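What follows is one structure encoded as structure tokens, with my remarks underneath.
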Amino acid sequence: MVRNKRSPGPPDTTERVARLRLIRTENVGPVTFQHLLARFGSAAEALQRLPDLARRGGRKKKLAIPEVEEIHREIAENERQGARLIVIGEPDYPAMLAQIEGAPAALSLMGHPHLFLEPAISIVGARNASGNALRFTERIARDLGAHGVVIVSGLARGIDTAAHQGSIDSGTVAVVAGGADIVYPPENEALRDRIVSEGVLIAEAPIGTRPLARHFPARNRIISGLTRATLVVEAAKRSGSLITARFAADQGREVCAVPGSPMDPRCAGSNGLLRDGAHLIERAEDLMTLLLEGGIREEPVDSGPYSLDGATHQIAEEIDDAARASVLALLDATPLPVDEIIRRCQLSPPVVLTILLEAELAGEAERHPGNNVARRYNPP
């Protein structure tokens with residue numbers, strides 16, 4: 001897997017705005033953002049290089065890069081809504097989250113970021129959870145809070161709501177799929193307001209963004225990325241909670257689950273996690289034992305040697321059309337690991353990464369979780 005482990009350093013005012021412009025640029029996602037910073041050393045330099053990279057990837061139209069004034073308007077709108085934008089590398093950006101592949105380049109934050117300094121565990125599960133699961137979740141969240149553990153969840157119906165309710169007095173973090181100003185679901189408005197007042201609420205999506213289905217997997221990677229372990233209470237075979245658990249495993253964090261009845265389809269996914277080796281959790285002490293005995297790793301695992309760090313600006317000029325064709329020919333609609341692309345095309349990692357970066361900026365390729373890449377479908 002290709003990953004840049006080091007998070008960017010703290011930006012000055014100019015670089016902070018440049019990083020916001022970069023992440024709001026067309027075809028630049030979090031992984032591409034990391035690669036660009038690693039290659040060029042700063043967002044300001046990357047912005048200068050983007051048009052040429054996109055052109056080399058085959059783009060004909062001008063790349064849409066926001067002006068500085070647009071970023072200042074976004075910053076002001078955050079402030080008007082009671083939020084503030086934090087950029088990766090700034091002191092209030094969560095250190096655990098900064099270590100994951102594709103960490104959000106910027107977050108809207110409401111509340112008290114000092115909670116990011118405390119040990120944290122995420123709790124997720126079914127929206128249509130059973131009464132017993134809701135009671136268990138609220139109790140274990142409260143018990144973990146009594147041990148100084150912050151609880152992270154997604155402010156959804158069901159298990160998420162119970163997790164926040166159980167930990168609101170001790171420390172809770174809500175990660176939402178839409179903009180930080182959007183109340184969703186509506187029935188959680190009072191809980192959301194209390195979290196903003198006493199805990200933390202964060203959002204990757206810009207202010208004003210209505211939550212759509214495609215936003216939730218991105219939200220889930222943040223939930224797991226903020227914490228040392230993810231606990232799944234109830235989850236069906238196909239559920240967002242299992243996506244969060246998969247992200248946790250990919251990020252080198254621990255996956256835990258609560259056993260449930262084999263007769264209840266809401267427990268099929270969480271029971272499956274236990275069969276696959278997840279930690280079995282029945283009480284808060286089980287999780288605390290993992291914390292105290294070092295069973296939960298403090299650092300994410302290293303995922304491989306490849307990076308754009310130190311790549312020279314001349315690499316793009318050294319790539320010929322045949323090399324580009326050999327890489328792009330391997331891509332189709334099914335995501336393919338970057339490691340596999342490097343192995344099959346027999347080009348050096350920096351060359352392959354540069355070609356993929358150009359293709360992303362041109363809109364010809366797109367990143368997927370786990371450092372996979374697929375060809376982007378562009379309708380005529």
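Summary of computed values
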quantity	calculated
Answer residue from segment 314-365, given it is within 29 Å of the chain's Cα centre (by Cα) and among the polar types (S, T, N, Q) and is farthest from Leu50 (Cα to Cα) among those	Thr334
Strands (runs of 3 or more DSSP E) enclosed by segment 40-150 - at least 3 residues per element that are in contact with a Gly (Cβ under 9 Å, 6 or more places away or on another chain)	106-111, 120-124
Residues located in segment 213-238, provided they are aliphatic (A, V, I, L, M) and either buried (at least 24 other Cβ atoms within 10 Å of the Cβ) or in contact with a helix residue (DSSP H, G or I) (Cβ under 8 Å, 6 or more places away or on another chain) (or both)	Ile222, Ile223, Leu226, Ala229, Leu231, Val232, Val233, Ala235, Ala236
Single residue of Asn271, Asn220 found to be among the polar types (S, T, N, Q) and in contact (Cβ under 8 Å) with a residue 24 or more places away in the chain	Asn220
Single unsatisfied condition, Arg55 versus (1) surrounded by fewer than 23 Cβ atoms within 10 Å (Cβ to Cβ); (2) of a type in the set (Lys, Arg); (3) at pLDDT 95 or above	(3)
Yes/no for Ala64 being without any contact (Cβ under 8 Å) to a residue 40 or more places away in the chain and buried (at least 19 other Cβ atoms within 10 Å of the Cβ)	no
Residues located in segment 210-239, provided they are closer than 15 Å to Ser108 by Cα and more than 17 Å from the chain's Cα centre (by Cα)	Arg210
Sole residue being within 21 Å of the chain's Cα centre (by Cα) and assigned by TED's automatic domain parsing to the domain that holds Leu273, chosen from Ala95, Ala126	Ala126
Selected residue [over 13 Å from Ala362 (Cα atoms), outside the structural domain of Pro337 (by TED's automatic domain parsing) and at pLDDT 90 or above] from Arg16, Arg6	Arg16
Single unsatisfied condition, Glu69 versus (1) farther than 25 Å from Ile355 by Cβ; (2) surrounded by 15 or more Cβ atoms within 10 Å (Cβ to Cβ); (3) free of Cβ contacts under 8 Å to residues at least 24 places away in the same chain	(2)
Residue count for segment 331-367, restricted to those that are outside any loop (DSSP other than H, G, I, E, B) and crowded, with 16+ Cβ neighbours inside 10 Å	22
Selected residue (only one of Ser167, Ser241 is closer than 21 Å to Phe116 by Cα, crowded, with 22+ Cβ neighbours inside 10 Å and hydroxyl-bearing (Ser, Thr, Tyr))	Ser167
Residue tally, condition surrounded by 17 or more Cβ atoms within 10 Å (Cβ to Cβ), among the charged types (D, E, K, R) and either at pLDDT below 85 or under 13 Å from Val28 (Cα atoms) (or both), over segment 368-380	0
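The values are calculated or read from the model by the stated rules, or taken from the named source; none is laboratory data. It should be emphasised that the depicted structure is a prediction, and the values quoted were computed from it without experimental measurement. Note that each Cβ is placed from the backbone with ideal geometry, even for glycine, and that neighbours are counted across all protein chains shown.
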